[in-house]
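Novice: Please find one structure pasted underneath; my questions will follow.
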């Protein structure tokens, strides 16, 4: 069970907040006020109701809203908007955001009925919830949208549609595919009559009426337009896009578990999805050597902090991300790589670095050190750690590899 805050906006001497369960700071209240109004100057046929999603970092929550045109009001262009406020901490609990659709309730003009929007909503969600999408969009559309979202430089994606319901399930499934850090930043609208923005930045994915495409493109010049009328080529069976498509249609639980575990310290950008899938391929296929695997990870995540969990899982003995025996092969790569500036800091610290000096790993580690043509900063740290922590029993193992002892003596002399 999770509890959702909620707000109701509509017309009352102008567009205004009619009811809400939360005391909102000015910044969040202002954003809700603007984005709960009609998404353009006038209603377009087929877009008289739509969904909108965007973050509210001031209250560490995500706004998921449904807007309805309100023709019963005397003033033209009036709308009702019911917004659910999902705490960032709860977004990881939701398997399919389609389950929240049942929480939306179109209001009526009687102010007495608005009192129910002043209470929080309790909803039952589960990571094992069934997929509620009734209609799966055709492959060409899904492939084009996924490629546009995750294979571009964070550009806004425009998807033309005949009405706001045409791609609703597609948008919700895309949002549900993402891991929590990206879910919190993803901005979408299934009925963007005009370009939708937050803090001056266009939404990531906007479903727009066909007749409004040219106008929005002129306003958002750096955007990707998905041509829903043209088919796309079938992606290669081992491509990142094909893996993502298989998950879209059939739920790849191994992929989901991977990106949820290792996406926690990856930049919350759409482009990170492609990087994580490419890393997933390395872990699942084992077709490359550890050296190739390690270099690929450092290329995908060159900064120390980003992808640290993934790098640690690949490097440390006993981890299951990448199997490559004997251990000496792995250690040789780690201590000789010239890209050690990309190593996570934890790899250089105890107790993680001590895993290479356990009774199980010591012989392979010493053999790698002894045969290495050069040693990087990680290798130096590893030698120092082993030299200062060898037990009497482990000294016997070290003594059997004289060249490794020379390394220890050199370290002791320098220190």
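Values in this text are rule-based calculations from the coordinates and carry no lab data. This structure is a prediction, so every number in the text was calculated from the model and none was measured. Note that each Cβ is placed from the backbone with ideal geometry, even for glycine, and that neighbours are counted across all protein chains shown.
Novice: Given springs between every Cα pair under 10 Å in a Gaussian network model of the chain, which of 209, 373, 180 has the largest fluctuation?
Specialist: Most flexible of the set in this elastic network: 373.
Novice: To continue, here is another question. For the chain, what's the relative contact order in percent, using C-alpha pairs closer than 8 Å and at least 6 residues apart?
Specialist: Working: 678 pairs, mean separation 50.8, N = 415.
Worked out over the chain, it gives 12 percent.
Novice: By how many degrees, 0 to 90 and rounded to 10, does the Cα axis of helix 327-336 deviate from the longest principal axis of the chain?
Specialist: On a 0 to 90 degree scale, this one is about 80.
Novice: Could you let me know the centre-to-centre spacing of segment 208-224 and segment 54-124, using Cα atoms, in angstrom?
Specialist: One Cα centre to the other: 27 Å.
Novice: OK, next. What is the helix-to-structure angle for 139-150, meaning the angle in degrees between its Cα long axis and the longest Cα principal axis of the chain, kept from 0 to 90 and rounded to the nearest 10?
Specialist: 70
Novice: Only one of the listed values, (i) 0.97; (ii) 1.05; (iii) 1.24, was derived from the coordinates as Cα Rg over 2.2 N^0.38 Å; which label is it?
Specialist: Given (i) 0.97; (ii) 1.05; (iii) 1.24, the structure-derived one carries the label (iii).
Novice: Taking only C-alpha pairs under 8 Å that are 6+ residues apart, what is the relative contact order of segment 1-129 in percent?
Specialist: Working: 236 pairs, mean separation 43.7, N = 129.
Result for segment 1-129 is 34 percent.
Novice: In deg cm²/dmol and to the nearest 500, what is the mean residue ellipticity at 222 nm of the chain if only DSSP H runs of at least 4 residues count, each as -39500 (n - 2.57), divided by the residue total? Can you show the working numbers first?
Specialist: Details: 15 runs with 152 residues, N = 415.
Helix contribution divided over all residues of the chain: -11000 deg cm²/dmol.
Novice: Return the single residue from 341, 283, 102 with maximal mean-square fluctuation; model: Gaussian network over the chain, springs between Cα atoms under 10 Å.
Specialist: Result: 102 has the largest fluctuation of those listed.
Novice: Moving on to the next point. Calculate how steeply helix 168-177 sits against the longest principal axis of the alpha-carbon atoms of the chain, using the helix alpha-carbon long axis, and give the answer as 0 to 90 degrees to the nearest 10.
Specialist: Once rounded, the angle reads 20 degrees.
Novice: Also, quick follow-up: Sort the following peptides by mean Cβ neighbour count (other Cβ atoms within 10 Å, averaged over residues), highest first: 71-81, 307-317.
Specialist: On the way: 71-81: 15.4, 307-317: 21.5.
Ranked from most to least packed, the peptides come out as 307-317, 71-81.
Novice: GNM, the chain, Cα, under 10 Å: largest mean-square fluctuation among 272, 176, 303?
Specialist: 303
Novice: Moving to a separate point now. Does segment 1-129 classify as rounded, prolate or oblate by the C-alpha gyration tensor (a ≥ b ≥ c root eigenvalues; a/c under 1.5 gives rounded; else a/b over b/c gives prolate, otherwise oblate)? Please list the in-between numbers first.
Specialist: Values: a/c = 1.71, a/b = 1.54, b/c = 1.11.
Note, shape of segment 1-129 comes out prolate.
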